[in-house]
Structures are given as structure tokens and as C-alpha cells.
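Have a look at the structure below before the remarks.
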Amino acid sequence: MKGTVLYGPGDIRFEDREDPKIAAPTDAILRLSATCVCGSDLWPYRGLQPIDGPTPMGHEYCGIVEEVGSAVKFIKPGQFVVGSFATSDNTCPHCPYGYQSSCMHREFMLRAQAPFLRVPQADGTLVATPGGVPSPDLVPSLLAASDVLGTGWFAADAANVKPGGTVVVVGDGAVGLLGVLSAKQMGAGRIIAMSRHEARQKLAREFGATDIVTERGDAGIARIKDLTKGIGADSVLECVGTQESMMQAIHSTRPGGYMSYVGVPHGVELDAQQLFFTHIHLHGGPARVRRFLPKLIDLILKGTITPGKVFDLTLLLAQVAEGYRAMDERRAIKALLKP
Ligand SMILES: [Zn+2]
């Protein structure tokens, strides 16, 4: 088969790779129905995160099970499955506690920008759609559940979004937009999306944003304070991972409020004393997507949510380099890749 490999900044190649094979009895091999480019793939693509030689890319996936190892009990060939970017056994002390993305047997997925994929800990990592293989129009939304929706949902959950509460979402990438959708599902009363990009503002409104703030930095914080009678928001979702976005989120949160951060921080430094006096709850990390997958799959199959709308560019896998370019230049929110 061919698969996607990053050689260096801006250098994405779709080249011959070995077909994945069962390597451990707990593995499964999937034939992917769709995969995509993640905002986090752009860090190494832009040279802002070092890579150790040519690196196979991709960690968002859904598809049909082709083959399972001898120790796999629940996942069966022929099922349509969605999995997280972090593998989990679902049995260690962290997994039943709901933190599968800190599983003692965690591996971070790679190699998903390809037609076939090996998934370790198949029984714990994968969730099969009830009712068999879903209709093709649901595939983009189910693919979104694998990472961006799961991460947006975690962001809203970790920021303690409650019915009627005021929510600020920092970041208008796919995760931020799906953080808006998640906050809406959790009953937020007011959802302020911070975005200066027209197409993204439109989607944010469609997903449930009630207000748009285009200012950034101190001006952005001042605007949030204006909109909340000087109080700040009950829940703030930080979905970028830069110093500016973290500071904007921290200072948009009311004393006693909750801030989540789900964008992998890059070059962020926090002043503990400054943080001390903000009086906010902070919770972030690699999203515990696996915990939320059954619920998210159910909402998608029922047609309650359509997170697949974040894919505004669909390409063939062989065109993966164009997907990276389009997202890097912010011409696309998120690129879906079809094998
Ligand atoms: Zn575990």
C-alpha cells in the first residue's frame, strides 16, 4: 500500500509502505473508510515540532475491521469501528476511571493517513457502530468523533459546561468549532466564539455560538469582560495551545470558573503566582476520546449532531500533500482524505 510520511517542514510524501500486519494478539487491522489531516499535524509540518527522521502521519480513523489477533474477543471482522488517537486497554486502573488517554498501555496512533491501519489493544481502543455498517453520509461525522469532536467534547466537559452557563471558546479550528457544538449539546446558555475568519464564524453560529469576538490578546479579554458584565465566563475552552491563547483563556475565566486546554501547548509558560490569584480550575491534556465515543457515536447515528461539517475539503489520499497545504494556509478548516 501507499502511506503518508513527513520528511521535513512542508515535505509530505505519499509513498510505498509495508502493508500493516497483526503484530500482537490484541491488534486489529482496519480498512479505512476515511481519514484526515489534524491541526496538530501542522506543528511538525511547519517545523515547529522536531521529528526524528521520516515520520508516518495520521491518527484519526474509522473503517471496517479486516482481521483481528487471536486475543481479541469483542471486535470482529466486518464491523465498522471508530477509535481514538490514543490506544487503551480499557481495563487498567486509569481506563475505568475515564482516563483512557492515560492508559498504562497507551500508544499514540500514527500511520492512519493510509488505506490500512493496525490498531493495538483493539478491544479497548475501538468502538463498533451498533446496527452494522453506517450509511456513507455519516462517515465524515463518525471520523470526526475519532479526534476533533472527541477533543471538543472533552474541552467542554473539562470546562464544566452546565445548562445556562456562559462559555467562551478560544480557537476557531475544527476542535474549537466542535467545542462550540459540544457546549451547545450540554445546554450552555451563551457561547462566545473567538474568531476573525468569516467562514469559521458562520460554522460557529451554525453549531450554536451566540456571539462572535474578533479581538485578540488584551483587547479580546476586554471584549469578553464587556460581554459578561465585567465578570468573565463560567467555562472557557482553550483550543489552540499558544501563549497568547492560553493567556486569553485564563483571563476570560471568572474567579471560581473552569478553563480547559486541549490544544497541545507549544512554548507556553505560566506564572504560578499569577495563576494563583485568578482562582480558576484548570483541566486539560490529551482528550479522553474513548470515554465519550459511545455517546458521540449514538448522537451522530441519531442525527442529533453533524460534526462532519468541519470537513470543508475532501481529497483522495494520494492528494494528502494538498490537504496539508490547504490547512496550513487556512484555506481549509479540515481536510478529509478518502482511500
Ligand atoms: Zn488502560
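The values are calculated or read from the model by the stated rules, or taken from the named source; none is laboratory data. Since we're looking at a predicted model, the values are computed, not measured. In this analysis, Cβ positions are derived from the backbone assuming ideal geometry, glycine residues included, and neighbour counts consider all displayed protein chains. For accessibility, only protein heavy atoms count, side chains too; no ligands or nucleic acids. Shrake-Rupley method; radii C 1.70, N 1.55, O 1.52, S 1.80 Å.
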Exercise for review: Output the residues belonging to the stretch 269-310 that are in contact with an Asp or Glu (Cβ under 9 Å, 6 or more places away or on another chain) and in a loop (DSSP other than H, G, I, E, B).
Suggested key: Ala287, Arg288, Thr304
**Study point:** Given (1) closer than 18 Å to Leu178 by Cβ; (2) in contact (Cβ under 8 Å) with a residue 60 or more places away in the chain, number of the condition Gly303 does not satisfy
**Key:** (2)
Practice item. Hey, could you check the stretch 325-339 for residues that are assigned to a helix (DSSP H, G or I) and not small (Gly, Ala, Ser) and say which is surrounded by the most Cβ atoms within 10 Å (Cβ to Cβ)? Key: Met327
Point to revise | Residues (of a type in the set (Gly, Ala, Ser) and buried (at least 18 other Cβ atoms within 10 Å of the Cβ)) located in the stretch 190-207 | key: Ala193, Ser195, Ala204
Point to revise | Condition met for Gly187 (part of a loop (DSSP other than H, G, I, E, B), more than 16 Å from the ligand (Cβ to nearest atom), open to solvent by 40 Å² or more (accessible area, probe 1.4 Å) and on the phi > 0 side of the Ramachandran plot) | key: no
Exercise for review: Output the residue which, of all residues in the stretch 37-93 that are polar (S, T, N, Q) and within 16 Å of the ligand (Cβ to nearest atom), is farthest from Arg290 (Cα to Cα).
Suggested key: Thr91
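Matching residues to (1) open to solvent by 30 Å² or more (accessible area, probe 1.4 Å); (2) touching a residue at least 60 places away in the same chain (Cβ under 8 Å); (3) on the phi < 0 side of the Ramachandran plot:
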{"position": "Leu48", "(1), (2), (3)": "yes, yes, yes"}
{"position": "Thr55", "(1), (2), (3)": "no, no, yes"}
{"position": "Cys62", "(1), (2), (3)": "no, yes, yes"}
{"position": "Val72", "(1), (2), (3)": "no, no, yes"}
{"position": "Gly78", "(1), (2), (3)": "yes, no, no"}
{"position": "Gly83", "(1), (2), (3)": "no, yes, yes"}
**Study point:** Residue in the stretch 311-324 that is part of a loop (DSSP other than H, G, I, E, B) and at pLDDT 95 or above present
**Key:** yes
Check your understanding: Got at least one residue in the stretch 94-111 being in contact (Cβ under 8 Å) with a residue 40 or more places away in the chain and away from the ligand (no atom under 16 Å from the Cβ)?
Key -> yes
Review point. Are any residues in the stretch 94-148 touching a Cys at 6+ places or on another chain (Cβ under 6 Å), more than 24 Å from Leu317 (Cα to Cα) and buried (at least 21 other Cβ atoms within 10 Å of the Cβ), and if so, which ones?
Key: Cys95, Cys103
Practice item. Scan the stretch 224-244 residue by residue and report those that are open to solvent by less than 50 Å² (accessible area, probe 1.4 Å) and either at pLDDT 95 or above or part of a helix (DSSP H, G or I) (or both). Key: Ile224, Leu227, Thr228, Gly232, Ala233, Asp234, Ser235, Val236, Leu237, Glu238, Cys239
